[in-house]
Amino acid sequence: MDLDRLFQRSGRGRNGSLTFTASTDDTTLITATAVTNTLYLQRVIGYITTDTAQSISFEDSAGKLLCKITTSPGVDTRWDFYFGPKGVPLGVGKNLVANFSAAGLAGHLEWNAYQI
């Protein structure tokens with residue numbers, strides 16, 4: 001078994017995906033189930049289908065920046081952020097949020113995370 005899945009099994013897997021349109025605004029991707037739990041982000045993959053002069057940052061709900069798809073990322077581009085099998089921790093009790101700098105980008109997001 002690979003380490004990514006080992007950590008997923010030892011915690012509580014919180015994987016997901018989002019297809020976003022040009023009108024999508026800031027979105028909570030994962031909500032922590034308790035104020036004492038910590039989310040660990042292992043990977044974010046973004047695929048951009050409509051390009052504009054906007055960016056997407058992935059942060060915890062306290063504003064801690066985890067990774068960012070840069071301004072005007074390009075059409076049909078893939079952005080892959082991998083934080084290793086253990087992942088990067090968000091703040092205790094914090095949610096994972098996708099902050100869109102403005103409306104305009106369209107594409108698809110996938111993420112792997114777990115919660116302890």
Please name all residue pairs, on different chains or six or more residues apart, with Cβ atoms under 7 Å, provided the first residue is in region 1-25 and is farther than 11 Å from Q42 by Cα and the second residue is of a type in the set (D, E) and open to solvent by 80 Å² or more (accessible area, probe 1.4 Å). S17/E110
Taking into account only those residues within region 89-116 that are open to solvent by 20 Å² or more (accessible area, probe 1.4 Å) and over 28 Å from L3 (Cβ atoms), which is nearest to the chain's Cα centre (by Cα)? N99
Let me confirm something: among K64, K86, K68, which residue is in contact (Cβ under 8 Å) with a residue 40 or more places away in the chain and open to solvent by 20 Å² or more (accessible area, probe 1.4 Å)? K86
Run down I30, I48 and say which single residue is touching a residue at least 24 places away in the same chain (Cβ under 8 Å), touching a His at 6+ places or on another chain (Cβ under 9 Å) and either under 16 Å from N15 (Cα atoms) or surrounded by 16 or more Cβ atoms within 10 Å (Cβ to Cβ) (or both). I48
Given the residues G74, G107, G93, which is the only one that is at positive phi and assigned to a strand (DSSP E or B)? G107
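The values are calculated or read from the model by the stated rules, or taken from the named source; none is laboratory data. Please read all numbers here as calculations on a predicted model, not as lab measurements. Positions of Cβ are backbone-derived with ideal geometry, glycine not excepted, and every protein chain shown enters the neighbour counts. SASA here: full protein model, heavy atoms, side chains in, ligands and nucleic acids out. Shrake-Rupley method; radii C 1.70, N 1.55, O 1.52, S 1.80 Å.
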